Amino acid sequence: MIKLTVQLGERSYPILIGSGLIGQPGLLDPYIRGRDVMIVSNDVVAPIYLEPVKRMLAARRVETIVVPDGEARKTMATLEQVLDGLVESRFGRDCTVLSLGGGVIGDLGGFAAAIYQRGVAFLQLPTTLLAQVDSSVGGKTGVNHPGGKNLIGAFHQPRCVLMDTDTLQTLPDRELSAGLAEVVKYGLIMDPAFFAWLENQAGALLQRDPATLHYAIRRSCEAKAEIVAADEREQGRRALLNFGHTFGHAIERCAGYGEWLHGEAIAAGMVMAARFSERLGWLQAVDTARIVKLLERLHLPVRPPRVDPPEFFAAMTMDKKVIAGEIRLVLLKGIGDALVTVDYPAHELLDELRETFMV
């Protein structure tokens, strides 16, 4: 097991990464405040991991809430179900919410913890690659709204993130590839050497080589922890983590939540961002080609679904990075060199969308 730390002063917390962590007695005890623990999971993960996690909490009073799987369930109605469970169990302010599952469960459980009794303790046990390298770290929690992705939420940092890499061995191939999209993102925004390593290790990643996956997770978490420590509430540099997301969230909304996996939408969104960067003269065509080639090798989509361009643009305007009506985009000046900007002609973005959806 390795231990990384998200440095946030008195709210700093560890990321524990290793094989066979789920089920180890006492591993979570230092991070649980009181007696009561509410495990939030879904109907795919719970049958596999719920009992081993309960055994880790043998000295606690443990209740569980199991919700249906899928992005379509990341709603206010499901959040209310979690809150109802906390109230019906008569949990107090010293309780702990433990999210056991992928990104949807992590966001749901975290948001419930953020608002229940004005904030209770929270633990993350992510079981998908995407959740391990992205959503479980950094304290972003929330639910979707018909008007846009993650529009309702709060920052609420966990007390610990435990990543058992063994969970990835049973992950469906499509889910594994979706998680790799977020891994690629770190190379693109800040680490060209890591991007080159991913180009060399694409086959080993898809074959689930444990050592290769372990390094990919570790490097991704190191990168995210560094950015979150410097800009917890996304006032500046943290926005770089949204590379591909303004386009990707619009894909998810227009296609219908759950039709495209989040990582699939981000992959296509990163290509759209790269091609727009190239259009502006910031990114070389050879770099765009490298990005497309790597994503294709990882079995990820590189084109969005067919959408009416004005509809797609309207979806982009509901992104959380829009300020005073301007769409802030994360674009590239090179592999490993990203920036957040509104310094582009609006008509160029509209023309890019028209050309993208004409093909």
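Quick look at the values:
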{"quantity": "Hey, Gly106 assigned to a helix (DSSP H, G or I) and either under 17 Å from the mean Cα position of the chain (by Cα) or crowded, with 24+ Cβ neighbours inside 10 Å (or both) or not", "calculated": "yes"}
{"quantity": "Matching residues in the range 161-174 - criterion: being part of a helix (DSSP H, G or I), more than 25 Å from Lys3 (Cα to Cα) and of a type outside the set (Lys, Arg)", "calculated": "Asp173"}
{"quantity": "Every residue from the range 188-239 that is under 30 Å from Asp319 (Cβ atoms), at pLDDT 95 or above and part of a loop (DSSP other than H, G, I, E, B)", "calculated": "Asp191"}
{"quantity": "Selected residue (criterion: nearest to Ile105 (Cα to Cα)) from residues of the range 56-72 that are part of a strand (DSSP E or B) and not aliphatic (A, V, I, L, M)", "calculated": "Thr64"}
{"quantity": "Residue match in the range 140-160 (condition: among the β-branched types (Val, Ile, Thr), surrounded by fewer than 24 Cβ atoms within 10 Å (Cβ to Cβ), part of a helix (DSSP H, G or I) and modelled with pLDDT of 95 or more)", "calculated": "no"}
{"quantity": "Which numbered condition Val53 misses (of (1) assigned to a helix (DSSP H, G or I); (2) surrounded by fewer than 21 Cβ atoms within 10 Å (Cβ to Cβ))", "calculated": "(2)"}
{"quantity": "Enumeration of residues in the range 242-268 that are assigned to a helix (DSSP H, G or I) and closer than 23 Å to Asn200 by Cα", "calculated": "Gly263, Glu264, Ile266, Ala267, Ala268"}
{"quantity": "Residue match in the range 27-47 (condition: part of a helix (DSSP H, G or I), hydrophobic (A, V, I, L, M, F, W, C) and in contact with a strand residue (DSSP E or B) (Cβ under 8 Å, 6 or more places away or on another chain))", "calculated": "yes"}
{"quantity": "The range 332-354 residues that are closer than 25 Å to Ala223 by Cβ and in contact (Cβ under 8 Å) with a residue 12 or more places away in the chain, paired with ones that are among the charged types (D, E, K, R) and part of a helix (DSSP H, G or I) (beta carbon under 7 Å, 6 or more apart)", "calculated": "Gly334/Asp287; Ile335/Asp287; Ile335/Arg290"}
{"quantity": "Number of the condition not met by Leu353 [criteria: (1) surrounded by 19 or more Cβ atoms within 10 Å (Cβ to Cβ); (2) within 30 Å of Asp173 (Cβ to Cβ)]", "calculated": "(2)"}
{"quantity": "Matching option when the condition is touching a helix residue (DSSP H, G or I) at 6+ places or on another chain (Cβ under 7 Å), charged (D, E, K, R) and in the same structural domain as Val137 (by TED's automatic domain parsing), among Glu71, Glu88, Glu10, Glu80", "calculated": "Glu71"}
{"quantity": "Selection count where residues are free of Cβ contacts under 8 Å to residues at least 12 places away in the same chain and under 25 Å from Ala181 (Cα atoms), scope the range 303-331", "calculated": "3"}
{"quantity": "Hey, Val87 hydrophobic (A, V, I, L, M, F, W, C), in contact with a strand residue (DSSP E or B) (Cβ under 6 Å, 6 or more places away or on another chain) and under 19 Å from Val120 (Cβ atoms) or not", "calculated": "no"}
{"quantity": "Members of the range 294-312 that are out of contact with any helix residue (DSSP H, G or I) (no Cβ under 8 Å at 6 or more places or on another chain) and modelled with pLDDT of 95 or more", "calculated": "Glu296"}
{"quantity": "Qualifying residue in the range 161-179 (condition: under 25 Å from Val340 (Cβ atoms) and in contact with a helix residue (DSSP H, G or I) (Cβ under 8 Å, 6 or more places away or on another chain))", "calculated": "yes"}
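The values are calculated or read from the model by the stated rules, or taken from the named source; none is laboratory data. Predicted model, so just to flag it, every value in this text is computed and none were measured. For neighbour counting, all protein chains shown are included, and Cβ atoms are generated from backbone atoms with ideal geometry for every residue, glycine included.
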